[in-house]
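In what follows, a single structure is set out as structure tokens and then discussed.
The values are calculated or read from the model by the stated rules, or taken from the named source; none is laboratory data. Just so it is clear, the structure is predicted and the values come from calculations on it, not from any experiment. Here the Cβ positions follow ideal geometry from the backbone for every residue, glycine too, while neighbour counts run over all protein chains shown.
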């Protein structure tokens with residue numbers, strides 16, 4: 001009756017895999033038995049992640065890639081035989097008050113969080129549907145969204161726009177890819193102990209304010225999010241599509 | 001527990017399941033036992049409670065059953081207040097009487113409100129109080145909701161009213177119980193093939209309607225739901241509260 005998280009014989013691709021959530025997801029998927037293709041702009045980060053995966057007896061292959069460069073990403077996809085799982089994770093944030101948002105920051109975030117996310121998802125989907133037995137073996141695409149894909153927050157208007165967009169994209173993709181048995185979902189974490197968030201939390205006032213917004217009174221661990229991603233990646237969730245797994249300690253329940 | 005992947009492990013935990021004799025309740029009891037959890041089953045059919053006991057005991061976990069109608073507040077209260085161990089509630093007992101809105105009988109309305117809303121509330125409150133009294137330091141409550149807790153369906157006006165209610169209750173409970181580290185979530189399945197829904201599926205037109213409304217084009221299994229419940233019951237979901245896992249093959253994504 002209970003299905004275990006088991007990704008043996010699956011090939012997964014993770015973008016933004018060098019640090020934070022992408023790194024955690026890559027390692028978790030490898031721990032669940034998947035072969036993981038890890039992408040990042042920073043070679044030294046990829047080497048570190050590969051070593052950890054090797055230590056846990058997992059299998060991985062690393063490519064240096066800027067996901068905003070479509071051609072670069074296309075070339076990497078050509079080198080991969082098959083793809084079953086995509087963790088569309090690469091993203092960034094530059095908090096600014098709405099009236100102060102610089103045009104270049106809006107462009108940068110939208111190009112990365114939306115345009116690149118769309119392109120990566122589309123190119124991977126095109127590759128996934130080509131597998132003749134896709135309907136039988138299924139596929140899973142997980143977008144790294146955020147609780148800010150569900151609710152607004154001060155200084156996060158561009159990020160809100162991007163992540164709400166991803167929530168919409170996930171639903172549209174879910175409907176269109178369902179005939180191929182490819183499921184599409186998002187994970188919506190609250191603040192997670194990642195290098196990016198640690199930087200924001202240097203501001204003590206901000207940290208206190210954010211923690212007071214999380215009913216469980218703690219930030220998420222990388223493993224909380226990575227486990228949710230692994231749950232969505234395999235047959236444990238084979239009837240879950242077009243929805244979000246909200247890992248936010250109750251932030252959006254209010 | 002790996003580096004970043006948390007398994008669905010319920011060893012040493014005790015779960016109370018209402019409506020445990022059939023369908024989702026029975027499957028969930030089995031899944032939780034498979035993950036190592038002890039089972040307290042509440043149901044109204046002694047023979048079925050006994051046969052469930054045989055299955056559960058084979059999994060080498062403890063099994064206690066209580067033959068009781070969830071509407072019998074005094075008996076339920078006295079039973080729950082005597083429990084020595086309790087970590088998890090699967091608030092499952094529920095029913096449905098499909099009738100078109102204009103023809104809903106007063107007696108149907110009463111039945112559904114009593115079972116799906118009032119009893120669900122009472123049992124959740126009694127169990128939460130007991131978990132706190134036992135100083136368990138953490139807990140997980142899973143309300144069995146439905147896609148009709150998120151959207152409407154033909155002849156489901158009362159059912160939707162009760163399940164939308166359970167969605168609201170879930171969020172309210174999550175906030176009030178967060179300080180006790182008791183997490184509260186719901187699962188929202190599409191129509192699952194169970195003894196109760198068998199009669200709906202017997203109608204070919206209805207079966208067609210369900211399949212056509214489900215982009216992934218399969219019917220949800222009891223195992224799909226039971227696995228999600230076990231995930232929410234375990235530490236694998238320790239930052240998930242006040243939320244819902246939607247298991248609907250894309251029904252509500254449209």
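So, residue A:155, is that one touching a strand residue (DSSP E or B) at 6+ places or on another chain (Cβ under 9 Å) and surrounded by fewer than 22 Cβ atoms within 10 Å (Cβ to Cβ) or not?
The answer is no for residue A:155.
Does the stretch A:34-56 include one or more residues that are surrounded by fewer than 16 Cβ atoms within 10 Å (Cβ to Cβ), touching a strand residue (DSSP E or B) at 6+ places or on another chain (Cβ under 8 Å) and without any contact (Cβ under 8 Å) to a residue 12 or more places away in the chain?
yes
Filter the stretch B:243-254 down to residues that are in a loop (DSSP other than H, G, I, E, B), on the phi < 0 side of the Ramachandran plot and buried (at least 24 other Cβ atoms within 10 Å of the Cβ) and give me whichever is farthest from the other protein chains (Cβ to nearest Cβ).
B:248
Tell me, which helices (runs of 4 or more DSSP H) wholly within the stretch A:109-220 include 1 or more residues that are more than 14 Å from the chain's Cα centre (by Cα) and within 30 Å of residue B:220 (Cα to Cα)?
A:117-130, A:134-137, A:157-177
Of everything in the stretch B:6-26, what is buried (at least 24 other Cβ atoms within 10 Å of the Cβ), touching a strand residue (DSSP E or B) at 6+ places or on another chain (Cβ under 9 Å) and more than 21 Å from residue B:122 (Cβ to Cβ)? Give them in sequence order.
Matches in the stretch B:6-26: B:10, B:26.
Residue A:236: touching a strand residue (DSSP E or B) at 6+ places or on another chain (Cβ under 7 Å), modelled with pLDDT of 95 or more and not in a strand (DSSP E or B), yes or no?
No, not satisfied.
Let's see how each residue does on (1) buried (at least 24 other Cβ atoms within 10 Å of the Cβ); (2) within 10 Å of chain A (Cβ to nearest Cβ):
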site	(1), (2)
B:195	no, no
B:200	no, no
B:204	no, no
B:218	no, yes
B:238	no, yes
B:241	yes, yes
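Please count how many residues of the stretch B:223-236 are under 14 Å from residue A:235 (Cα atoms) and at the interface with chain A (Cβ under 7 Å from one of its Cβ atoms).
Step one: of the stretch B:223-236, the residues under 14 Å from residue A:235 (Cα atoms) are B:223-228, B:231.
Then drop every residue that is not at the interface with chain A (Cβ under 7 Å from one of its Cβ atoms), which leaves B:223-224, B:226-227, B:231.
The total comes to 5.
I'm checking my understanding of the structure. Among residues of the stretch A:226-243 that are more than 8 Å from chain B (Cβ to nearest Cβ) and crowded, with 24+ Cβ neighbours inside 10 Å, which one is farthest from the chain's Cα centre (by Cα)? Before you say what the answer is, go through the steps one by one.
First pass over the stretch A:226-243, keeping only residues more than 8 Å from chain B (Cβ to nearest Cβ): A:229, A:232-235.
Now drop any that are not crowded, with 24+ Cβ neighbours inside 10 Å, which leaves A:229, A:232-234.
Details: A:229: 8, A:232: 11, A:233: 11, A:234: 15 Å.
So the residue we want is A:234.
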